[in-house]
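*Asks:* One structure follows; several queries about it will come next.
The values are calculated or read from the model by the stated rules, or taken from the named source; none is laboratory data. Everything numeric in this text was worked out from a predicted model, so none of it was measured. Reconstructed Cβ throughout: ideal geometry from the backbone, glycine too, with neighbour counts over all protein chains shown. What goes into the accessible areas is simple: the full protein's heavy atoms, side chains included, and nothing from ligands, DNA or RNA. Shrake-Rupley method; radii C 1.70, N 1.55, O 1.52, S 1.80 Å.
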Amino acid sequence: MLTKIVTNFYFLLFFTAFLTGCDSKSSTDQIIIQTHEFEADALPSFMPIISERPYLIKSIKYASISLEAKEKTDQVLLFNGATFYDFQIWISEGDTIAKHLHYGNTVQNFPEDKTEGITIPLSFENGEKKIIYYSIHDLGYAFNDSFSVKSPEELQQLYVYEKYVKIICRSILGVFFFLGLFLGFYLRKKIFFYYILYAVTGLGFIEAEYGFILHLIPDSFNSKLVQTIIVQVHHQFTFFFFYSLIFNGKGIDRRFNKTMKAFLFICFLNCISYFIFPQDSPFINDFFILVGGASSMTFAYLSVSYMLYKGIQLKIPIAKPIIYIFALNLIIIMLFSGLANLGMMQKNETSRTIFYYLFTFDSFYYITVILYKYYSLIQERKALLMKYNELQREYSLALMEGQENEKNRIGRELHDHIGGNLAMIDKMGVVFKYNASDILADTISSLDDMIKGLAPKSSLKNNFKEELEKIFEQYKTTVVIHFTININSLNSPFIESQLYRITQELLANAVKHGQAQNIYFNFNYIPAQNIINLHYYNDGVGITKNTDSEGIGFRNMKYRVEKLKGKMEVEEVKEGCKINFINIPLDRSITQISPEK
């Protein structure tokens, strides 16, 4: 949405500039205007021939402007440019030269206010014709001889309009400069300083051609040299600004950065050479224009275009809102300045103000983009921080849950194995003291395992069948145990351990609470389904299906069988207790035993 608004605004600005522009072919209702350019070998006698020198850009021109009044009127001929190396004007009235004006560095004579251009007041009678001849020499730099004919009132309106445009745009730019400077120091981000340098050099470029910088340049010094330096610096900081804006000063080929620093160094050499070499040296001036100006501009804009392409390709969010405004900036700069400075087209009156609008809006837009970029980064950081805190919280909860699970596991071990052993010792009494020492040794061993590793026995000493027979042997003096099993080993220490603990719990409950006389264990392995079922029954006190929610023992057994991905079912019977532990999956390889004879 933002990019669409900006694009529409720039197109409106662009077309307004063309519609309101004036060039050498414009005319008023009172004046008929015609122009003519002379060759050096066909000059009027009063126009001296300027010595040709081998400059790359044409910088010498001989021309005339014919003005014929339709009625009596006062008009002003306005040349938009005011800074030339040498600019001579001859005003012909009839067959005589009525006036000769000479401006430029050669005579150190310029209009009192260079920003207003060169003005020539003219008074016409009805049908009167006047011809203005002029010659320009600008030392290999593109000259601006665009002009317009206006009434004194229209000219005054133009000056007032330009004055307010400059005041407003400079004020807005000043606010953004100080805002960028403040944010740069406050946030310590280089991007704001590049933004300031980009905007300041952009403003300096137009001020050196139509603004206050013109008054700071000595009359003996060619202002085009100053403009060239500022333009070069602006191109370099355009690169650094976009590089920092899109990629934060990282992420593309370092050769781009090194090349632009080389151009910056060339610009520094240009500044020094201006005070060493003569201003009219063709080699030096051509070098400045070709290497310092055209090459740096081309490289800067091609590099920025490449960066925007990579930004879009890498889906960098900031790239898309920049690409439109950069393209329109490039179009306006090339049409109203770049091509004209290369001598490929003529400037017009619109150039006097359009760049104030351009750089003011750029400053507003880019600082908005920068702030939006860092706002987005702050929001992303907040989101990442929230995600990090959430993960930390989940980790803490998982850690607490793990600790709680470990506490529950220790509780199960204490209840199922150690508690069962102690209960058995309590039931055996003094008569069975010879077995109590073995049971105590096993209990102490279990406690030692938990103290050392906080983990249950992961494997049994003997195979599964032998371990079951061993524990049943300990209870034979208390109850009668009926035991059937069709496997020797489950080949899974974890499954064997869990079924062993369930067996211990069932035995302990039968002896301690169930008052059972007979206990039945049937371990049935089903090869076709690779599962094992445990069917348990005792003839003691019966239980109901809701019993599993009342005691730790039942909850522990249910937890263990669920960990084995099996199912625990309590059957209600008239006498005794019947529980089935079914559908417990096993490993593929198990050891079967032959049915006992």
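*Asks:* For GLU562, tell me the accessible area in Å² from a 1.4 Å probe, rounded to the nearest 10.
*Replies:* 100
*Asks:* Keeping all protein chains in the complex and leaving out DNA, RNA and ligands, what accessible area do you get for THR119 with a 1.4 Å probe, in Å² to the nearest 10?
*Replies:* 60
*Asks:* Taking all protein chains in place and a 1.4 Å probe, what share, in percent, of the accessible surface of the range 174-270 do carbon and sulfur account for? Don't skip to the end; give the middle numbers.
*Replies:* Details: 3100 of 4460 Å².
The nonpolar share, carbon plus sulfur, comes to 69 percent.
*Asks:* Which peptide among 237-243, 38-44 comes first, and what is the full order, when sorted by highest mean count of other Cβ atoms within 10 Å?
*Replies:* 237-243, 38-44
*Asks:* Right, next: Pull out a ≥ b ≥ c, the square roots of the eigenvalues of the alpha-carbon gyration tensor of the range 38-101, then state rounded if a/c is under 1.5, prolate if not and a/b is larger than b/c, and oblate in the remaining case.
*Replies:* prolate
*Asks:* Note down the accessible area of MET47, probe 1.4 Å, to the nearest 10 Å².
*Replies:* 10
*Asks:* Okay, moving on. With a 1.4 Å probe and all protein chains left in place, how much of the accessible area of the range 462-596 comes from carbon and sulfur atoms, in whole percent?
*Replies:* 46
*Asks:* What's the carbon and sulfur percent of the range 25-150's accessible surface, probe 1.4 angstrom, rounded to a whole number?
*Replies:* Ligands and nucleic acids excluded, carbon and sulfur give 43 percent.
*Asks:* Remind me, relative contact order of the range 462-596 in percent, using alpha carbon pairs under 8 angstrom and six or more residues apart?
*Replies:* Relative contact order, the range 462-596: 27 percent.
*Asks:* Then there is this: Compare ARG560, ARG555, ARG170, ARG255 by solvent-accessible area with a 1.4 Å probe and give them largest first, with all protein chains kept in place.
*Replies:* ARG255, ARG555, ARG170, ARG560
*Asks:* Okay, moving on. Ordering SER220, SER51, SER303 by how much accessible area each has at a 1.4 Å probe, largest first, what is the list?
*Replies:* I get SER51, SER220, SER303, largest accessible area first.
*Asks:* For labels at TYR306 and ARG254 in the simple 7 Å Cα→Cβ model, what's the distance in nm?
*Replies:* 1.6
*Asks:* Please work out the average accessible area per residue across the range 25-150, using the 1.4 Å probe convention, and give it in Å².
*Replies:* 46
*Asks:* Can I ask one more? For TYR537, TYR520, TYR525, write out the residues from largest to smallest accessible area, computed with a 1.4 angstrom probe and no ligands counted.
*Replies:* Working: TYR537 65, TYR520 95, TYR525 15 Å².
Putting TYR537, TYR520, TYR525 in descending order of accessible area: TYR520, TYR537, TYR525.
*Asks:* Which of the pairs LYS163/LYS224; LYS58/LYS99; LYS190/LYS387; LYS166/LYS258; LYS465/LYS574; LYS190/LYS258 have their Cα atoms more than 25 Å apart in this structure? Please list the in-between numbers first.
*Replies:* Numbers: LYS163/LYS224 23 Å; LYS58/LYS99 27 Å; LYS190/LYS387 29 Å; LYS166/LYS258 36 Å; LYS465/LYS574 31 Å; LYS190/LYS258 18 Å.
Result: LYS58/LYS99; LYS190/LYS387; LYS166/LYS258; LYS465/LYS574 exceed 25 Å.
*Asks:* Give the accessible surface of the range 156-387 per residue, rounded to a whole number of Å², with probe radius 1.4 Å and ligands, DNA and RNA excluded.
*Replies:* 48
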